[in-house]
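Just so it is clear, none of the values below were taken in a lab; they were calculated from the coordinates. Computed from a predicted structure; not experimentally measured. Glycine also receives a Cβ, built like all others from the backbone with ideal geometry; neighbour counts cover every protein chain displayed.
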Amino acid sequence: MTKALLALLLCSFLCPPLALSQKRTRPRQEGVLLENLTWIEAEKILTSETVVVIPLGAAAKEHGPHLKLKNDWLMAEYLKDRVLRSSAVVVVPTINYSFYPAFVEYPGSTTLQLETARNMVVDLCRSLARYGPRRFYVLNTGISTMRALRAAADLLGPDGILLRFTDLRVVDPVAKAISKEEGGTHADEIETSMMLYMAPKSVDMRKAVKDYHGNAPGGLTRKPGGSGVYSPTGIWGDPTLATREKGRRVTEALITEILKEIEDLRQTPVSTSTVR
């Protein structure tokens, strides 16, 4: 047997275990979907050190003629999947209704009362906190929803429960650097770009139109001269300028911030107050 053949045989035996041992030294952090567990399995992972992630995205809220009513839900599901791949968290089923009063003139759009949206999150967190977790992070995909989430955090604080949530405006510097539209923030250039990156099949760019008539107090209105921001299409901005590359840049910046906020929450001390 030649020395070359002997070396090849030895490598075939030694190299695979070496590769496996290298993989074991760098374990991937991955999250868990609560819905896929039994209660016995859930009991083992719902500890005082667990960070629970709550995706929140409307499944019935208008986004113009080119995006689906479930647009925010699709966004929440995408962000959920990315977080699951990168962070050791427990993710609960997505909340698909909340406080969206600005869109009720457009058929199919739904909203909860502010107190109802707040209490839904409070009750969910208190229910799970009984098993151990005291840190909760909402993957928030709305703006008006933050009113309900702030109120929920205020109610949960005295119980020793920490609630944090995504503020989409955290990526404003990135969005402003690449945006070309005159104005607007709904179903617009940036949001449509993000959906072209996250869920391109949900976007119909043939139906995208510019619809921007300035700003005014209140929600969107289909009525000319009505109270609020006039928008016959439900768009506020110019989605015709959207591109997948713009969406990639904003989305990746958002995910970076979300993962950082989750890890900051993980390191934040909590009190030992009794959960009501």
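Send over the per residue convex hull volume for the stretch 117-215, Cα only, as a whole number of Å³.
Dividing the Cα hull volume of the stretch 117-215 by its residues yields 141 Å³.
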* To do: Please identify, among 162, 56, 124, the residue showing maximal mean-square fluctuation in a Gaussian network model of the chain using a 10 angstrom Cα cutoff.
  => 124
* To do: Compute the acute angle (0 to 90°) between the alpha-carbon long axis of helix 145-156 and the principal axis of greatest extent of the alpha-carbon atoms of the chain; round to the nearest 10°.
  => 60
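Please rank 72, 172, 211, fewest neighbouring Cβ atoms within 10 Å first, as an exposure proxy. Write down the numbers at each step before the final one.
Values: 72 27, 172 14, 211 23.
By the 10 Å Cβ count, ascending: 172, 211, 72.
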* **Among 190, 145, 174 the positive-end extreme of the charge dipole of the stretch 139-190 (Cβ point charges)** => 145
* Asked: With each label point set 7 Å from Cα along the Cα-Cβ vector, what nm distance links residue 127 and residue 49?
  -> 2.7
* In the stretch 22-109, the trypsin sites (Lys or Arg not before Pro) that fall in loop regions by DSSP, at most 12 other Cβ within 10 Å -> 28
* To do: Determine the gain in length on full extension of the stretch residue 172-residue 227; use 0.36 nm per residue of separation and subtract their C-alpha separation, reporting nm with one decimal.
  => 17.1 nm
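For the chain, give the magnitude of the charge dipole about the Cα centre (Cβ charges: +1 Lys/Arg, -1 Asp/Glu; no others), in debye to the nearest 20. Working shown, then result.
Details: 36 positive and 30 negative charges, 147 e Å.
So the magnitude is around 700 debye.
Using 0.36 nm times the number of residues separating residue 40 and residue 259, minus their current alpha carbon distance, what extension gain do you get? Present the calculation step by step, with values, prior to reporting the outcome.
Numbers: separation 219, 0.36 × 219 = 78.84 nm, distance 2.81 nm.
So the chain would gain 76.0 nm between residue 40 and residue 259.
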* **Nearest-0.05 FRET efficiency for residue 29 and residue 216, computed from C-beta distance (R0 30 Å)** => 0.10
* Pair residue 147, residue 201: separation of 7 Å Cα→Cβ label points (nm) -> 3.6
* To do: Quick one: grab Rg to one decimal and Dmax as a whole number for the chain, Cα atoms only, in Å.
  => 22.9, 92
